[in-house]
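Have a look at the structure below, then the notes.
Any read-out appearing in this document is the output of simple, stated calculations on the displayed coordinates, not a laboratory observation. Predicted, not measured: the structure shown is a model, and the values here were computed from it. Cβ sites come from the backbone with ideal geometry, for glycine too, and all protein chains shown count toward neighbours.
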Amino acid sequence: MSDCRDSAAELDKLCSFRSAPSADYLDLNWWPNTLKRTWALIGVDAQSLEVLHRGFDGVEEVNPAYRDHPNTIFEHPVTALEPDQVAEVANALRAITPERVHAAVPVQRDEAAAALGASVRDVVGDLAALLSEQHDILRNFYDEAAHRRLAMVMWWD
């Protein structure tokens, strides 16, 4: 992490998928916003929601100089979590079972769109199953990172 904080070129290697094994990357596409809304729908308390949101948003920008790099991530700062913060997110994710996520998703697509955002109208397949699967993938990824005491770097592209 310190290399990425000190060098926009090193951060670019990370964001270009060239400096870590492929298993150390996770692409959730556009599921984070829907997961955030689902956790709120479940009734997760405000403090836990804040921790969960950090799992997507990070805490601080890794390297502001990267904003001027030719290959920068469009309009989104690259943010990070330190290992203790990763463990905190992992604990919050562990407290929510995939079954609980599945049960929270309205069956009717119009109701789901009202609760989770209009983008869910475009989802093909069983929305509840897909959301619970994405939650489980994220939970497992954070568990592994916490177990290995890794820092986490996040960006949207």
Problem - Those residues of the range 8-29 which are part of a loop (DSSP other than H, G, I, E, B) and touching a Phe, Trp or Tyr at 6+ places or on another chain (Cβ under 9 Å), in sequence order - result: F17, Y25, L26, L28
Problem - Residue identified as within 30 Å of S19 (Cβ to Cβ) and of a type outside the set (S, T, Y) among R121, R100, R149 - result: R149
Practice task
Among what's in the range 2-58 and is under 18 Å from the mean Cα position of the chain (by Cα) and at positive phi, pick the residue that is surrounded by the most Cβ atoms within 10 Å (Cβ to Cβ).
Solution key: G58
